[in-house]
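After the structure tokens below, expect a handful of questions from me.
Any read-out appearing in this document is the output of simple, stated calculations on the displayed coordinates, not a laboratory observation. No experiment lies behind these values; they were computed from the predicted model shown. Heads up, the Cβs are rebuilt from the backbone with ideal geometry, glycines too, and the neighbour counts pull from every protein chain shown.
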Amino acid sequence: MAVVKVLARDWTLFLNQTGTYAVPVWTNITCGINTFTFSNTKNDADTTDFCNDGYQDHIVASRALEISAEGFYMEDELNGDRDLGQEYIEALNEAMGNASKGDFKLVSPGGNGRRFYASVQLGDIGGGNDDPTSWGFTLTVAGKPIAI
């Protein structure tokens, strides 16, 4: 099959609800999400010296990755049950220490992706008179992701 463009909505983000790396139980946390961004940053070490003729030089010293997602707050309006993925994200948002990192994977429609540990920062929740309630989060990746 030919290489084609991939719609953003066809990516899937999962959280390992057990926290056990060897025997994961993956929960889809994509429902309710309508936009995501995978961001890369880097930190440079300045290696400029007199031989650079006044031009700066550097080497990459470290890299960082983040995934931001935004969408809608979800619950069962009859009994108040929350979307399972949103519940897991919110619980991880409250955790501290080593328990503050969850096991995630982001997978393309063709099965390519990355598995990684990350901490959560929950986004703002709210909206206006005619808006659905917003909900979102940012994952700060810890360490180097593993290609899957």
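Which count do you get for residues in region 30-55 that are within 19 Å of VAL6 (Cα to Cα), touching a Ser or Thr at 6+ places or on another chain (Cβ under 9 Å) and not polar (S, T, N, Q)?
2
For region 22-73, give me each residue that is more than 30 Å from ILE125 (Cβ to Cβ) and touching a Phe, Trp or Tyr at 6+ places or on another chain (Cβ under 9 Å).
Once the filter is applied, which keeps residues that are more than 30 Å from ILE125 (Cβ to Cβ) and touching a Phe, Trp or Tyr at 6+ places or on another chain (Cβ under 9 Å), region 22-73 yields only THR48.
Let me ask you something else. Can you pull out the residues in region 111-146 that are outside any strand (DSSP E or B) and at positive phi?
Matches in region 111-146: GLY111, GLY127.
Please give the number of the condition ASP53 fails out of (1) closer than 18 Å to LEU106 by Cβ; (2) of a type outside the set (Phe, Trp, Tyr); (3) free of Cβ contacts under 8 Å to residues at least 12 places away in the same chain.
Answer for ASP53: the failing condition is (1).
Considering region 62-116 alone, what residues qualify as being in contact (Cβ under 8 Å) with a residue 60 or more places away in the chain, under 24 Å from ASN43 (Cα atoms) and of a type in the set (S, T, N, Q)?
Answer for region 62-116, where residues must be in contact (Cβ under 8 Å) with a residue 60 or more places away in the chain, under 24 Å from ASN43 (Cα atoms) and of a type in the set (S, T, N, Q): just SER68.
If you don't mind, there's one more thing I want to ask. Which of (1) farther than 18 Å from ALA8 by Cβ; (2) surrounded by fewer than 16 Cβ atoms within 10 Å (Cβ to Cβ) does VAL141 not meet, given it meets every other one?
(2)
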